[in-house]
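Bear in mind that the values in this text are calculations on the coordinates, not laboratory data. Model, not experiment: these values are computed from the prediction. Here the Cβ is made from the backbone with ideal geometry for all residues, glycine too, and neighbour counts use every protein chain on show.
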Amino acid sequence: MAFVWKRLLGTIPSLIGVVVLTFFISHALPGDPAAYFAGPAANAASIENIRATLGLDRPLPVQFLHYVIDLAQGNLGRSLTTGQPVLTDLIERLPASLELSSFALLFAISIAIPMGVWAATRINGSVDHACRAVVTVSAAFPTFFVGLLFVYVFYFLLGWAPQPLGRLNEIAFSPPPHVTGAYTIDALIAGDWPVLRASLAQLILPAISLGLFALAPIARITRAAMLEALGSDFIRTARASGLPARKILMTYAFRNVLLPVSSVLGMVFSFLLGSNVLIEQVFGWQGVGAYAVSAVIASDYAAVQGFVLMMAMLYVLLNLAVDIFATLVDPRVRFEG
Amino acid sequence: MAQLDIDNLSVEFRTRHGVVRALDSVSLSVSRGEIVGVVGESGSGKSVTAYTVMGLNDEAAQITKGNITMGGIDLLAARPEAMRELRGREMAMIFQSPRTALNPIRKVGKQIEDVLQEHAGLPSRDLRKAAIAALARVRIPDPERRAEAYPFELSGGMCQRVMIAMALACTPSVLIADEPTTGLDVTTQAVIMDLIRDMSRSTRMSTLLITHDLGLAGEYCDRIAVMHAGHIVEIASTEALLERPAHPYTRQLLAATPVPESRLDDLNSIPGHLPDLRGALPPCRFSGRCERRQPICDEAALPWTELSPAHVVRCRFPLS
Amino acid sequence: MSIVTLARNTGYAFGENRLTLMAVIILAVLALCAIFGPTIAPYDPLVTSATTKLARPSALHPFGTDALGRDILSRVIVATRLDLGMAVSAVALSFVVGLALGSLAGYFGGWTDRIIGRSMDTIMAFPLFVLAMGIVVALGNSVANIIIATMIINLPFYCRFARAEVNVRRELGYVEAARMGGNGSLRVLLSHIVPNILPPMMVQASLNMGWAILNAAGLSFIGLGVRPPTPEWGIMVSEGASYIISGEWWAFMFPGGALVLAVFSFNMLGDGLRDLLDPRKRV
Ligand SMILES: Nc1ncnc2c1ncn2[C@@H]1O[C@H](COP(=O)(O)OP(=O)(O)O)[C@@H](O)[C@H]1O
Ligand code: SF4
Ligand SMILES: [Mg+2]
C-alpha cells in the first residue's frame with residue numbers, strides 16, 4: 001500500500017498548481033469581476049465599492065492568502081443567480097453529472113475494449129473497419145452536434161427516445177428518495193421500477209453521445225496495444241506451451257493491454273468532463289455543466305470559477321485513480337515508484 | 001525409429017513481395033536422449049524448421065511437401081487442438097531473449113503453473129508445489145521466493161532457467177532450443193547449456209539445439225546439421241564435422257567460429273550473403289558464394305554424397 | 001529527405017490516399033468562403049424576414065431559413081471567416097508561443113525548463129475545455145478571448161513537442177560546431193535548431209486545427225465569445241437546437257455539417273502531411 005501513499009503525495013503539486021492557476025484566472029487577469037458583480041446598471045463608484053468588499057483592491061499575495069483560507073473552509077463564494085453558496089449548488093448538481101459521465105464511460109469502455117481486441121485479432125475485418133470509422137468520425141464531429149443529431153433521429157424521427165428535457169419526466173414521475181442523487185441508482189435502491197425505466201430512458205441518449213467520443217481513443221489504443229501484445233515474444237512462448245487460445249488472449253495478451261489503455265484514460269477523462277458541459281446543455285440535464293453554462297450566460301462569476309475548480313480537483317482525483325489502477329495492473333510501474 | 005523425424009520438408013511463405021522458399025527438402029532426425037545441433041547463419045531457416053515442428057508457423061507459411069513425426073505421431077496431419085495439447089506436454093521450446101519471452105506482468109511461478117494446469121492434470125492445490133519443484137529442478141536457488149518474482153526482477157540467465165523449467169515442467173520427450181544463450185554472457189551461457197545437456201541426458205529427451213555458433217554446438221551436441229539458405233548442406237557426428245568438414249560452407253563457418261583463444265579481430269566473416277529466397281534458385285543454393293563451383297553445380301540436380309553412413313554432404317565436390 | 005522520396009510520398013499522399021486530395025479541395029473552398037464570404041453569399045446574413053421564418057430548404061433558400069427568417073446558406077458561408085479565423089489565430093499563437101517557450105526550456109534546461117515545464121503541467125491538470133471556459137469568463141466574453149483561451153489550452157502540446165525536439169538537437173554535431181564557432185545561444189537556437197523543428201511542428205499544427213475549431217465552436221455553443229446576430233457555426237447550431245424537437249432540422253444541421261466538414265478536412269490534411277514528412281508513421 002506504500003505506493004498508494006506515494007501516488008497521493010504525487011498529486012500535491014498538481015493540486016497546488018490547480019489552486020494557483022484558478023486564483024490567477026479569477027484575480028489576476030485583466031477581466032474585472034467587480035464590474036460583473038456590480039451588474040449592468042452600476043456606475044464607477046458602486047464598482048469601486050464592490051471591489052473593496054470583495055477585497056479586490058488588496059495586493060495579490062494577500063488576496064491569494066484569503067483565497068486559500070476561503071477554499072480550505074469550502075467557501076467558493078455565493079452564486080448571483082441562485083443566491084446560494086456556490087459549493088452547495090455544485091454539490092447538489094454533481095450527482096447528476098457523475099451519473100451521466102459514468103454511464104458514458106461505462107458505455108465507452110464496454111464497447112471500445114471488445115471492439116479494439118476484436119479488431120486486432122482480425123485486422124481488416126469488419127470490426128476493424130468499424131473501429132477505424134468510429135475513430136475518424138469522433139475526431140471530426142463536435143459532441144454537441146452529435147447529441148443534437150441523436151435527438152433529431154431518435155426523438156423526432158423515430159420516436160424511440162423521450163423528449164430531451166432533463167433527467168426525468170417530472171410531470172409523469174416524481175424523483176426517487178434522495179440517497180446518492182443519481183436517479184437511476186436511487187430508483188434501484190427504492191425498487192421503483194417505473195422511475196428506473198423512465199430515468200434510464202432519459203439517460204441513454206446523452207450517455208451514448210458523450211460516450212461515443214470516449215470510445216474512440218480507448219478503442220484505438222486497445223487495438224494498437226493488442227496488436228503489439230499479440231506479436232510479442234511472450235505470446236509466442238504461451239503458444240509454444242500449448243496454452244488454450246482463450247487463456248492466451250485474455251490472461252496473457254489482454255492484461256498487457258490494460259496499461260496502455262489506462263494511459264489514455266487521463267485524456268478521456270479530460271474530454272468527458274469538458275464535453276459533459278456541452279451534452280448537459282443539449283439535453284437539459286440538470287448537472288454542474290448546465291449550471292456552469294447558465295452561470296456563463298448570467299456572468300455569474302463565482303459560480304463559473306467554482307465549477308472550474310471543482311472539475312480540476314475531480315480531474316486530479318481521476319488521474320490519481322488511473323495511476324493506482326496502472327500500478328495494480330503492472331508490477332513494473334509499482335517498482336519504478 | 002527416431003523420436004523426432006523430419007523428412008523431406010519444404011516450407012514456403014506467401015508474402016506480398018513473392019513466395020519465399022524458406023525450407024527445401026529438409027530431413028533431420030533426433031533419437032531419444034540425443035542432442036542434435038542445427039547451425040547456420042541468421043536467415044538460413046533454422047527457426048522456421050523449429051516452428052514448423054511445433055506447429056507455430058504463421059498463416060503465411062505453407063508446407064508444400066514432407067513429413068514430420070514425433071514418437072510415431074504424424075504432426076503435419078494432427079488437428080490444431082491435438083497439436084496444442086502436444087505442445088508443452090510432449091514437445092517444448094525455449095527461445096532467445098528470455099526476458100521478453102516471459103509475460104512481463106505475471107509472476108514466473110504462475111506462468112509455470114499455467115502450463116502445469118493445462119497439461120499435467122494436477123489438482124489446482126498441487127500446482128504451486130509442482131511449479132516450485134520445476135524451478136528447483138533447474139537449480140534455481142530459493143525457488144519458493146523466485147516463484148513470486150516478476151521477469152523484470154530476474155537476470156537474463158535466471159529468466160532462461162525459468163523458461164527451461166517451464167518447458168520441462170511436463171517432462172516432454174522433445175525439446176527445441178532456439179538460440180537459447182544468444183544475448184547471455186559467457187559464464188551464464190555455459191551454465192544454461194550445461195543445464196540443458198544434463199536435463200536431456202537425465203530424462204532421455206530428444207533435443208534440437210539451434211544456434212549460429214558452431215563452437216557452442218561443437219561442445220554440446222552429439223550430431224550437427226549445417227543449414228544454408230533453407231537447405232541442410234551437411235550432417236555428421238560432431239567430431240567428424242569439426243575435424244573433417246566436407247561442405248565448403250561448413251569450412252567457412254568453422255573459420256568464422258571463434259575458438260577460446262582467438263581474438264575478435266581474427267574472426268573471418270563468411271564472404272557473400274545468403275541468396276534471395278524469392279527468385280529462381282540454383283540446385284546448390286551456395287553456389288553464388290562458393291570457390292569450388294563448377295558449371296555443373298548450376299545445371300543438374302544436386303545429389304547427397306555419403307562420406308560415411310553417418311556423414312552426408314550436399315555438394316558435388318566435397319572437401320576431403 | 002531526397003527529392004525522389006518526397007515525390008514518392010507526395011504521390012502517396014495524393015494518389016493512394018484520395019482523402020487527402022479531397023480534404024485539400026474542401027479546404028480550398030472553405031478558404032474562398034472565408035475570403036470572399038460576404039460577396040458570394042446570396043443574401044445578407046443579418047437581414048431578418050418575418051414572412052419566411054424557418055422556411056424549409058428550397059431553391060430560393062437552399063439551406064432554408066432560421067427562426068428570424070435569415071438565409072442559413074448565407075450565414076454558413078459568412079461564418080467561415082470567423083470560425084476558421086478563430087482557429088487559425090489560436091493555433092498560430094500556440095505555435096509561436098509554444099515554440100518559443102519549448103525552445104527556451106529545451107535549450108537552457110535548469111530552472112527555465114523547470115518553471116516552464118511546471119506551468120505546462122498545471123495547464124494539463126485541468127480538463128482543457130473547462131479551463132478554456134474559465135479563462136474566457138475571467139478575461140471577458142469576447143472573440144479575442146476565445147482565441148486566447150484556445151491558445152492556452154493548446155500550448156502544452158507545442159511546448160512539450162518543441163522542448164523535446166530542441167533537447168535532442170542541442171547535442172548534435174552541427175549545433176556544437178555552431179556554438180564553438182562563437183555564436184550566441186539565441187543565434188544558435190534561431191538559426192540552427194528552430195528551422196529544423198518547424199516541419200514536424202507544422203504537421204502537429206495542422207492536426208491540431210480541427211481540435212481548435214471544435215473548441216472554439218464549443219465555447220460559442222454555450223454562449224461564450226460570439227454574440228448574436230453574428231453568424232458563427234457553433235452559435236448557429238445552438239440557435240437551431242431549439243427547433244429540433246419540432247422537426248425543423250435544417251437550422252442546426254447545415255452549420256453543424258460545415259463544422260464537421262472543416263474539422264474532417266483539417267484532420268485528413270494533417271494525416272496527409274504527416275505521411276509526407278514521415279511515411280513510417282502511417283497506420
Ligand atoms: N513470416 C515470414 N514471412 C516471410 N518470410 C519469412 C517468415 N519467417 C521467416 N521467413 C524467411 O525465412 C527464412 C528463414 O528464416 P529463419 O528461420 O528465421 O532464419 P534463422 O536461421 O535465422 O532462424 C528467412 O529468409 C526469412 O526471411
Ligand atoms: S555443389 Fe558446387 S557450388 Fe555447391 S557447394 Fe559444392 S562445389 Fe560449391
Ligand atoms: Mg532464428
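Miscellaneous remarks
- Phi to ³J(HN,Hα) by Karplus 6.51 cos²θ - 1.76 cosθ + 1.60 over region B:94-105, Hz, x for Gly, Pro: 10, 10, 7, 6, x, 6, 8, 7, 9, 4, x, 10
- Centroid-to-centroid separation of region C:211-283 and region B:209-243 [C-alpha atoms, Å]: 67
- Rounded to whole Hz, the Karplus (6.51, -1.76, 1.60) HN-Hα couplings of region A:99-111, x for glycine and proline: 4, 4, 5, 5, 4, 4, 5, 4, 4, 4, 5, 6, 8
- All lysines inside 25 Å of A:LYS6 as judged from Cα atoms, apart from same-chain residues fewer than 8 positions distant: B:LYS107
- Centre-to-centre, using Cα atoms only, region A:113-128 and region B:119-178 are separated by 34 Å.
- Built amide H within the under 5 Å cut-off of B:GLY37, gap 5+: B:LEU209, B:ASP222, B:ARG223, B:ILE224, B:ALA225
- Sorted by Cβ density within 10 Å, fewest first, the residues A:SER262, A:SER199: A:SER262, A:SER199
- Here is the result for region C:44-122: no chymotrypsin sites (Phe, Trp or Tyr not before Pro) lie in DSSP coil with at most 10 other C-beta atoms within 10 angstrom of their C-beta.
- Shape analysis of region A:265-318 places it in the oblate category; the axes a ≥ b ≥ c from the Cα gyration tensor give an a/c of at least 1.5, with a/b not above b/c.
- Centre separation in Å (Cα based) which lies between region A:248-288 and region C:50-84: 37
- Rounded, prolate or oblate (a/c below 1.5 giving rounded, otherwise prolate when a/b exceeds b/c) for region C:6-139 by Cα gyration tensor: oblate
- Once the Cα atoms are used to define both axes, helix A:193-230 deviates from the longest principal axis of chain A by about 60 degrees.
- Net +/- balance of residues flanking C:ALA50 in space, Cβ distance below 15 Å, scoring K and R +1, D and E -1: 0
- Placed amide H near A:GLN84: partners under 5 Å, 5+ positions off or other chain: A:SER79
- Free of any GluC sites (Glu not before Pro) that DSSP assigns to a loop and that have at most 14 other C-beta atoms within 10 Å, the longest stretch within chain B is B:149-260.
- Phi angles across region B:179-195 convert, under the Karplus curve 6.51 cos²θ - 1.76 cosθ + 1.60 with θ = phi - 60°, into 3J(HN,Hα) values of 6, x, 10, 4, x, 9, 6, 4, 5, 4, 3, 5, 4, 5, 5, 4, 4 Hz, Gly and Pro given as x.
- Net dipole in debye of the protein assembly as shown [+1 Lys, Arg Cβ; -1 Asp, Glu Cβ; about Cα centre; nearest 20]: 400
- When only the Cβ of Lys, Arg, Asp and Glu is charged (+1, +1, -1, -1), the dipole of region B:178-227 relative to its Cα centre reaches about 260 debye.
- Within straight-line cross-link reach of B:LYS110, lysines at Cα separation under 25 Å, skipping those fewer than 8 residues along the same chain: A:LYS247, B:LYS129
- Dipole orientation for region A:183-337: of the candidates A:ALA245, A:VAL282, A:PRO260, A:ALA245 has the Cα lying most toward the positive pole (charges on Cβ; Lys, Arg +1; Asp, Glu -1).
- Residue-averaged [θ]222 nm for chain B, counting only DSSP H segments that reach four residues, each worth -39500 (n - 2.57): -9000 deg cm²/dmol
- Three-way shape label, region B:87-186, alpha-carbon gyration tensor, a/c 1.5: oblate
- Cross-link partners of B:LYS65 among lysines, defined as those whose alpha carbon lies under 24 angstrom from its own and excluding same-chain residues fewer than eight positions apart: B:LYS46.
- Amide H contacts under 5 Å for B:SER29, placed H, 5+ residues apart: B:ILE6
- Sorted by Cβ neighbour density within 10 Å, fewest at the top, the residues B:LYS110, B:LYS46: B:LYS110, B:LYS46
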